[in-house]
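The values are calculated or read from the model by the stated rules, or taken from the named source; none is laboratory data. Please read all numbers here as calculations on a predicted model, not as lab measurements. Note that each Cβ is placed from the backbone with ideal geometry, even for glycine, and that neighbours are counted across all protein chains shown.
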């Protein structure tokens, strides 16, 4: 079987189909089945495919050399794997004061991936989701990061830099613990393998992604936090791991499997997942809370509001008067002598455990045999690939990225003032 359903045939395979079809046509013996069906069976393709290839050949043999047309609708999202490269590209242009447009970014992405299509409108929505905006610069309009993203990053970097020992780049004042969640599917495997051109690929990958395991773990510069690994089977095969997580599950893992095993007085670094940011019962409301809850809080704090105030008006008053929200997880951490620090939105490159997930998943993909038992076994082997030396190197690399962000932000800010 030379083909795989859904994938275009190569010019070489098309020419081979023509040769075999012509051979069957020239055979003087009268077989039970037509030559078209025999050719289709030999190559594992449909009869309509053979007829279409023969029609192209009879019209013009050169048509077989043309690349296959992309079928179906183009993807309506740009992969998050390009986010770090795009951010670096835009920031570099901003520092140089260069005019940059969506077309420039599309051309940049085409250089990275020649096989993907990047539609301008899709790219614009993606950039907006990643925290960029098309705004007015010092002399012209250009793409730049949104102010709230820059502010969140700078606050985070200031906290991290304040935790560094003076004159000792490799050490910190308080231990830093990085936690995260991810998932891996039973059929997670490498898409490309070596095979004989005559025989074709024998490894047949099952359709779909298969059953899913959700993983929670944490690292320090000394490696994985002992006792913190949690792996459980998802009840859903679609979406990402966030749909299977909630505050109760995360809080149980946080209090029972993380806090007892981390150093005293740690900085616990996590992202902004919704179950990380569930409000404490002692917290003032936010703009996302109900109108009733906002009004009750304002009244409790003796802040007068008219009875006919709309919710947007109450939110305006709230944002002027209310202190920072208090999160349930932060209270638990503080009661145990720790502090929670959240990475800025859209910055996976600042979370070293993301690279650790990549090491684990790459190992799983290389050893995949599409069974759940093997997935569990290889997952354990993948975790062993991430050593204390691995974590120390990744964290040191992330610190360099933090320094670059810090210095670049200051340079761009000084240019805006100028």
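Report yes if residue 368 is modelled with pLDDT of 95 or more and buried (at least 16 other Cβ atoms within 10 Å of the Cβ), otherwise no.
Criteria not met by residue 368.
May I ask you to verify whether residue 266 is surrounded by 13 or more Cβ atoms within 10 Å (Cβ to Cβ) and at pLDDT 95 or above?
Against the criterion (surrounded by 13 or more Cβ atoms within 10 Å (Cβ to Cβ) and at pLDDT 95 or above), residue 266 qualifies.
How many residues, within the range 61-112, are more than 27 Å from residue 411 (Cβ to Cβ), assigned to a loop (DSSP other than H, G, I, E, B) and at pLDDT 75 or above?
Of the residues in that region, 3 qualify.
Rundown of residues vs (1) free of Cβ contacts under 8 Å to residues at least 12 places away in the same chain; (2) closer than 30 Å to residue 264 by Cβ, yes/no style:
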{"site": "295", "(1), (2)": "no, no"}
{"site": "304", "(1), (2)": "yes, no"}
{"site": "311", "(1), (2)": "no, no"}
{"site": "316", "(1), (2)": "yes, no"}
{"site": "331", "(1), (2)": "no, yes"}
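Anything in the range 132-149 that is surrounded by 15 or more Cβ atoms within 10 Å (Cβ to Cβ), modelled with pLDDT of 85 or more and not in a strand (DSSP E or B)? List them, or say none.
Matches in the range 132-149: 146, 149.
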